[in-house]
Structure formats: C-alpha cells, structure tokens
C-alpha cells in the first residue's frame, strides 16, 4: 500500500495517512556522536538484488553496438548488386502487426 505525500515538508508531522502523532525531534543539545552515527547511516545506499541485476543487464546492453555492421554491410551489398527485392505484402503485414501491438 502506498502512502500519499500530501503535506510533504510540514515540520513536526509524519506524512503517512494512518499516523496522526507528531514526529519526535532530537533536542539541540543531543549527543554529537549519535548525530555523526545517524549521518553516516543516512549516507549508505543498499541495492536490492533486482536493482543489481538490472544494473548488470544495463552494462551488458551498453556494450552491444546499436547497429549490426555485418547486417548493414550485407544489405548494402545486396542493394548495390541489385539482388534486394523487398516484399511489399510482408512489409505491410509487419507494419499492421506493429500498429496493432502498439495500439
């Protein structure tokens, strides 16, 4: 269940919809060591297993070239030699399928 963020930034109040008590704030004279520990803990970031896997996948995808040069070369050679004969019915069918899938 997600909590709405209405009233975000209001000082002294928890923003969750099911909580109605004031948030406890430390005194100005609180222990400095506890403050440093809290700050150090707040600086830590922990990735979930899913996030780590997504990051690894993203890194692998970044290493793959966007254009398959071998296919481009083959298509260029077919065009230059006159062997390329596009099938209009096949192209139209794929365009219609793509439009249906997107629509």
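Do the conditions hold for residue 25, that is, is it surrounded by 10 or more Cβ atoms within 10 Å (Cβ to Cβ) and either modelled with pLDDT under 90 or in a helix (DSSP H, G or I) (or both)? It is false that residue 25 is surrounded by 10 or more Cβ atoms within 10 Å (Cβ to Cβ) and either modelled with pLDDT under 90 or in a helix (DSSP H, G or I) (or both).
Among the residues of the range 80-102, which ones are modelled with pLDDT of 95 or more and surrounded by 10 or more Cβ atoms within 10 Å (Cβ to Cβ)? Passing the criteria: 91, 92, 93, 94, 95, 96, 97, 98.
The values are calculated or read from the model by the stated rules, or taken from the named source; none is laboratory data. Predicted model, so just to flag it, every value in this text is computed and none were measured. Quick reminder, even Gly has a Cβ in these numbers, built from the backbone with ideal geometry, and neighbours come from all protein chains shown.
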